[in-house]
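To start, the structure itself, in C-alpha cells.
The values are calculated or read from the model by the stated rules, or taken from the named source; none is laboratory data. Predicted model only: the values in this text are computed from it and were never measured. With ideal geometry, Cβ positions are generated from the backbone for all residues, glycine too; neighbour counts draw on all protein chains shown. Note: accessible area is taken over every heavy atom of the protein model, side chains too, but ligands, DNA and RNA are not part of it. Shrake-Rupley method; radii C 1.70, N 1.55, O 1.52, S 1.80 Å.
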Amino acid sequence: MKPLFVVFEGLDGSGTSTQAQLLANRLKSEGQVHLTSQPSSGPIGQMIRSALAGRVRFMADEGIFDRQMAYLFAADRHDHLFNDVDGILATLRKGYHVVCTRYIFSSFAYHCHSDDDFDFVRSLNSPFPAPDAVIYIDVPVGLAAERVAQRSYPDRYENARKLEIVRRAYERGLQSFSGPLLRVAGGDEPHAIHARIVNFVDIVAQARMSSATYPDEAGRAL
C-alpha cells in the first residue's frame, strides 16, 4: 500500500482522536504509521495550545482572536507540513502513512464568521497540499458539549455556542475539498464507526495505487 495522508475532522468531543488512534493501529498492519494532530507539537503549535487554554493572553474580542488564531494555525501548518525533522511530507516520502486529527478544514470551521473570513482563511491555506482522504465525524452539538463538559480543562472553543457556529462553518469548509470524503455519525458505537472508516480507507488506498509521489513543496493545493 502506498503511503496515505488521512485527516480526521469534527467538533470537539466528536471522537476524532479515538478514531484516528484506531485507524493508526489498523494501518500498522500495512506498514509504518505516524499519528499526529494540529495544532502540532512544534513551537508554534505549543503557543496555540497555550492560547486556547488561556495560559497566553491574546485579544478578548472573539473575531480578532479567531483571526489571530487563523494566522498562527497557518504558520503551524506550514511548519508541520514542510519541516525536515518530522514534517508530514517528509514522513510520507519515507513511506509512512500519516493520520492527522484536524487540518485546513478546522481553520474554516473555527476561524470563520463571514464571507470575508472564508476568503481570508482560504488564502492563508492555499499553498498547502490536499490530504488523500478526509473523515468527518458528525455529532449533534448537544452531544459534543456534553462530552467536552466532562474534561478537566475545556479550552476557549469548547462551549455549546461556539460549537454551533463551528458545526455550520464545517459544512461550508468541507465544500472546498473535492477528494474522497467520508461522513460518519459520531454517536454510533465506536467499533462500528471504525469498521466504516477502514472500509473507506481501503477503497482510497486501492485508488491511489498509481498516483504520484508527494511533493517537496506545495503542489496539490485545495
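With the checklist (1) assigned to a helix (DSSP H, G or I); (2) at pLDDT 90 or above; (3) touching a helix residue (DSSP H, G or I) at 6+ places or on another chain (Cβ under 6 Å); (4) open to solvent by less than 10 Å² (accessible area, probe 1.4 Å) in hand, flag the one item R77 doesn't pass.
(3)
Looking at (1) surrounded by 16 or more Cβ atoms within 10 Å (Cβ to Cβ); (2) at pLDDT below 75, can you tell me which one V141 breaks?
Of everything listed in (1) surrounded by 16 or more Cβ atoms within 10 Å (Cβ to Cβ); (2) at pLDDT below 75, V141 misses just condition (2).
If I filter the stretch 168-222 down to residues being in a loop (DSSP other than H, G, I, E, B), aliphatic (A, V, I, L, M) and surrounded by 12 or more Cβ atoms within 10 Å (Cβ to Cβ), which single residue comes out as modelled with the lowest pLDDT?
Step one: filter the stretch 168-222 for residues in a loop (DSSP other than H, G, I, E, B), giving 175-180, 186-189, 208-220, 222.
Still in the running and aliphatic (A, V, I, L, M): 209, 212, 218, 222.
Checking which are surrounded by 12 or more Cβ atoms within 10 Å (Cβ to Cβ) leaves us with 218, 222.
On the way: A218: 40, L222: 44.
Taking the candidates together, the pick is A218.
Filter the stretch 99-133 for residues that are open to solvent by 20 Å² or more (accessible area, probe 1.4 Å) and among the small types (G, A, S) and give the result. Give the derivation first.
Looking only at the stretch 99-133, we keep the residues that are open to solvent by 20 Å² or more (accessible area, probe 1.4 Å), and these are 102, 113-117, 119-120, 122-124, 126-127.
Scanning the stretch 99-133 gives S114, S123, S126.
How about the stretch 12-54: which of its residues are under 23 Å from Q206 (Cα atoms), part of a helix (DSSP H, G or I) and without any contact (Cβ under 8 Å) to a residue 24 or more places away in the chain?
Q21, N25, listed by residue number.
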